[in-house]
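Participant: Can you read through this structure? Questions will come right after.
Every number here is computed from the coordinates shown, using simple stated rules; none is lab data. Bear in mind the structure is a predicted one, so any value in this text is a computation, not a measurement. Cβ placement follows ideal geometry from the backbone for every residue including glycine, while neighbour counts extend to all protein chains displayed.
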């Protein structure tokens, strides 16, 4: 499969994270994403796991008819899991974006009737060309941010155990139909960056949530916070 468009869209500059995957040993892990249509609709669940050296990749879908499918074990997921662990530890993200995303941000900003940002602030934010640095300390609480009551709620869970180390766990929840809430940017960014390097959890609506369009929304907020 040709993944050139994906790599042209975004190239993570944190190359050292990829290098960390070599030589690392995972004793066991559990990466899962659960989604539920609200109110009272069907749900979907996908999980990668390893325990006692046995890898599993399964999904479960429930609507009117329950369906369960098993997938081939995917050892490449371990590189993504190690990358996710590294990214979740960061407080600063540095990466490049394609110029088309920058152009789209400007068009999106021009169409915004209520919170238009001067283009000079956008140009200043991208003064280093296509390289951006996002610091979690710059995130400001929103004065007003709506949320979807129903929609498609999700729960993300990741646990990792390395030999002779304590288990590490990451978990959070959100809504696929709710955009990227400001409170969830710190969780959304690591998954977006890892997913754009190598896709995983492909039975879930990843392509509709961890998108460049949602990245634009996140970048616009950082432009406003740091101007």
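Participant: Just subtract the alpha-carbon distance of residue 96 and residue 56 from 0.36 nm times their residue separation and send over the number in nm, one decimal.
Facilitator: So the chain would gain 11.0 nm between residue 96 and residue 56.
Participant: Determine the principal axes of the Cα atoms in the stretch 99-227, then give the extent along each, sorted from largest to smallest and rounded to whole angstroms.
Facilitator: Its Cα atoms span 51, 36, 27 Å along the three principal axes.
Participant: Please work out the FRET efficiency for the pair residue 108 and residue 198, using the Cβ-Cβ distance as r and a Förster radius of 30 Å; give the result to the nearest 0.05.
Facilitator: For residue 108 and residue 198, the calculated efficiency is 0.60.
Participant: Test of understanding: ordering 216, 92 by Cβ neighbours within 10 Å, fewest first, what list do you get?
Facilitator: Values: 216 19, 92 11.
Starting with the residue having the fewest Cβ neighbours, the order is 92, 216.
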